[in-house]
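What follows draws every value from the coordinates through simple rules; no lab data is involved. None of these values were measured; they are calculated from a predicted model. Here the Cβ positions follow ideal geometry from the backbone for every residue, glycine too, while neighbour counts run over all protein chains shown.
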Amino acid sequence: MKVIEGLKYSKEHEWVKVEGDIAIVGVTDFAQEQLTDVVFVELPEKGKEVEAGKNMGVIESVKSVSDVFAPISGEIIEVNEQLSDKPELINNDPFGEGWVAKIKIKDPVQLDALMNHEEYTKTCEAH
Amino acid sequence: MNFIPSTETEQEDLLKEVGVSSVRDLFNDIPDSVKIDKLDVEEALTEFKVKKKLEGLAAKNKILKSFVGAGSYNHFIPSVVDHIVGRSEFYTAYTPYQPEISQGILQAIFEYQTMICSLTGQDVTNASMYDGASAMAEACIMACSISKKNKIVILKSVHPDYREVVKTYCSAYSIKLEEVEEVSADEKTAAVVVQNPDFFGRVTDLSKIKEYIGETLLISGVIEPTSLFVLKEPSAADIVVGEGHSFGNGMNFGGPYLGIIATKDKFKRQLPGRIVGQTTDTEGKRGFMLTLQAREQHIRREKACSNICSNEALCALAATVYLSYVGKSGVNLGDVCLQRAHYLYNKLLEKGFSKVFDAPFYNEFVVKLENVRELHSQLLDKRIMAGVLLEDYYPEMKDCLLFCCTEMNSKEEIDELLGAL
């Protein structure tokens, strides 16, 4: 299982990469392993306001359907359209090409509530 | 797997877990006024007596010459349909979807889906639904899920019974339903629902409606599917729903019928129900299995846009056999229905009936005559069912009769009706 240093993590297994006032969001390597082969991603709508902890999309795998939760509140400014045709990018490169959405951060304080890579690793090990 | 019924202790534990004191408490949602303690039925009869009794009941039936359509159509069913549907491999109350043991039925459903797509001009369809009306209601829910809007506009020229079913479904989903005379849509409208040919038999150009409503989804209902043999495929619609009983299934006192729902490829993830797909097995051989199952509620749970996890496999099979048998000659069959209806229409006008609409029609039409209710009942005494009195559905349509002809109404039979006027 891969966990990257420098990223923020939610307990619902999303990762957040902060670039200025933008949060790039995806699901973690642990999450994609649990999901098994991803077959479809219902992307959030561009321009939509999302709220931290609330559902912003859905990932379907061969064995289950899971929500993608917004780790942080803000406006969706970009979604990874590539996932429509290549949902497997989530399995192949969850921290890179498999990113899901970019959120314009509304309240940077919310970032403090997320875990760092060490805390997140512990959470996963406890599973 | 063994079937082990639960013990009394287990039942008590289960009841305690859900927080009720008796099994009866589980049915508290049902009003007491409709609950019964004991069924008031006679003692069981012997097989011999049952047969006599049923024969007596059957003898009360009047065999009528029917010119009634309005949602249920009298078509010929070739004997090959019952022969194949009745085979023990198919004839089961359970729909066997397991690919390991059910390649036959899965292939039949796959063929059914292919035929429905080809007839409706849509890209994808499911393995069938309960009936046309529930398919129409499911299409409304589907449209709201696609568009993320919650208003449906339905034309009053859609079958009144269908509108009732749509109303019931919409109320449970908090969908705003608007019944209108003319097509209209605003930015809050998820979909416009039309029927083509409509309840009065009128044929509309769907592409003009689609052009007019733009982004709003168009749901088109096909309640007499043999019309698809002669009319342009409804490819302009975003979702096509229909009643498929005309294809090899009897009128059956109103059911079981065959619900059709088909849509464009881009909406396939919102499509309710089972879908059979074609694949290759580990040995590279062609095979069939259920596909896109993550749409359905056994996986998607409360987020699924439908609770349908089944289909009407036997009715769909009958339709498949029927369509394979009829093949391209379906065009002729449609033509016969159309010609007979037009023959009757023109003769009725000659007999003093007046026309009500100018629109082109397929096999159903409306005419008007003063005191038609009386005439209708006189003809019933002569064992002729002369159409449907529209006043019963539309109070403003006094003296209007909705007639239907199929290939079952021979020219002689039509002349007999005309002679009896």
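For segment B:179-272, applying the loop criterion from DSSP together with a ceiling of 13 other beta carbons within 10 Å to the trypsin sites (Lys or Arg not before Pro) yields B:188, B:232. Counting only DSSP beta bridges with both residues in segment B:79-327, the antiparallel share comes to about 40 percent. Using C-alpha pairs under 8 Å with a sequence gap of at least 6, the mean separation divided by the residue count of chain B gives a relative contact order of 21 percent. A simple charge model with +1 on the Cβ of Lys and Arg, -1 on the Cβ of Asp and Glu and nothing else charged puts the dipole of the protein assembly as shown at about 1540 debye relative to its Cα centre. Which is the longest part of chain B that has none of the chymotrypsin sites (Phe, Trp or Tyr not before Pro) sitting in a DSSP loop with at most 10 other Cβ atoms within 10 Å? Here the longest segment lacking exposed loop sites spans B:95-421.
Within 10 Å, at most 14 other Cβ atoms, and a DSSP state outside H, G, I, E, B define an exposed site. Report the longest part of chain B free of exposed GluC sites (Glu not before Pro). Value returned for the longest uninterrupted segment is B:284-369. Using C-alpha pairs under 8 Å with a sequence gap of at least 6, the mean separation divided by the residue count of segment B:150-203 gives a relative contact order of 54 percent. Taking the Cα centroid of segment B:120-157 and of segment B:270-308, what is the distance between the two, rounded to the nearest whole Å? Comparing the Cα centres of segment B:120-157 and segment B:270-308, I get a distance of 19 Å. When DSSP beta bridges are restricted to pairs lying wholly in the protein assembly as shown, around 70% turn out antiparallel. Global size of segment B:262-421: 23.3, 71 Å for Rg and Dmax (C-alpha atoms, Rg to one decimal, Dmax whole). Shown in residue order for segment A:113-118 are the 3J(HN,Hα) couplings computed by the Karplus curve 6.51 cos²θ - 1.76 cosθ + 1.60 at θ = phi - 60°: 6, 7, 8, 8, 5, 6 Hz (x for Gly and Pro). Only helices enter the 222 nm calculation for chain B: every DSSP H run of n ≥ 4 contributes -39,500 (n - 2.57), and dividing by all residues gives -10500 deg cm²/dmol, rounded to 500.
A Förster distance of 22 Å, applied to the separation of the beta-carbon atoms of residue B:331 and residue B:207, puts the FRET efficiency at 0.55. When only alpha carbons are used to place a centre, segment A:84-127 and segment B:170-216 end up 43 Å from one another.
Given a Förster distance of 35 angstrom, what is the FRET efficiency for residue A:37 paired with residue A:107, based on the Cβ-Cβ distance and rounded to 0.05?
E(calc), rounded to 0.05, equals 0.45.
Between B:154, B:175, B:30, the Gaussian network model of chain B with springs among Cα atoms under 10 angstrom shows the greatest mean-square fluctuation at B:30. Sorting B:299, B:308, B:63, A:90 by the number of Cβ atoms found within 10 Å of their own Cβ, with the fewest placed first, yields B:63, B:299, B:308, A:90. Amide H to amide H, with H built 1.01 Å from N, residue A:12 comes under 5 Å of no residue 5 or more places away or on another chain. Look at the alpha carbon pairs under 8 Å that are at least 6 residues apart: their mean separation over the length of segment B:79-327 gives a relative contact order of 28 percent.
Would you please give the FRET efficiency between residue B:298 and residue B:420, computed as 1/(1 + (r/R0)^6) with r the Cβ-Cβ distance and R0 = 45 Å, to the nearest 0.05? Calculated value: 0.20.
Annotation: amide H of residue B:223 within the under-5 Å range of B:196, B:243, sequence separation 5 or more or interchain, hydrogens built in the peptide plane. Using the alpha-carbon centroid of each, what span in Å lies between segment B:58-113 and segment B:10-27? Answer, in whole Å: 41.
Sorted into 5 angstrom bins from 0, the C-alpha pair distances of segment B:79-327 split as 1, 7, 14, 19, 20, 16, 11, 7, 3, 1, 0, 0 percent.
Fewest neighbouring Cβ atoms within 10 Å first, the residues B:198, B:392 line up as B:392, B:198.
With semi-axes defined as the square roots of five times the eigenvalues of the C-alpha gyration tensor, the equivalent ellipsoid of the protein assembly as shown measures 51, 30, 24 Å, largest first.
For chain B, the equivalent ellipsoid built from the Cα gyration tensor has semi-axes of 37, 29, 25 Å, listed from largest to smallest.
Residue-wise HN-Hα couplings along segment B:60-65, as the Karplus relation 6.51 cos²θ - 1.76 cosθ + 1.60 with θ = phi - 60° gives them from phi, are 6, 4, 9, 8, 10, 8 Hz; Gly and Pro carry x.
Using a cut-off of 28 Å between Cα atoms, the listed pairs B:149/B:210; A:63/B:264; A:102/B:148 include none that exceed that distance.
The 3J(HN,Hα) values that the Karplus relation (6.51, -1.76, 1.60; θ = phi - 60°) gives for segment B:362-367 are, in residue order, 9, 10, 9, 7, 10, 10 Hz. Gly and Pro appear as x. Near the amide H of residue A:105, within less than 5 Å, lie the amide hydrogens of A:22, A:23, all on another chain or at least 5 residues away, with H placed in the peptide plane. The Rg/Rh ratio for segment B:192-350, using Cα coordinates for both the radius of gyration and the Kirkwood hydrodynamic radius, is 1.02. Direction-averaged projected area, Cα convex hull, segment B:1-136: 16.8 nm², rounded to one decimal. If a spin label sat at a point 7 angstrom from the Cα of residue B:98 along the line to its beta carbon, no backbone N atom of segment B:295-323 would be nearer than 11 Å. Extension gain, residue B:359-residue B:18: 0.36 nm per intervening residue step, less the Cα-Cα distance, totals 116.9 nm.
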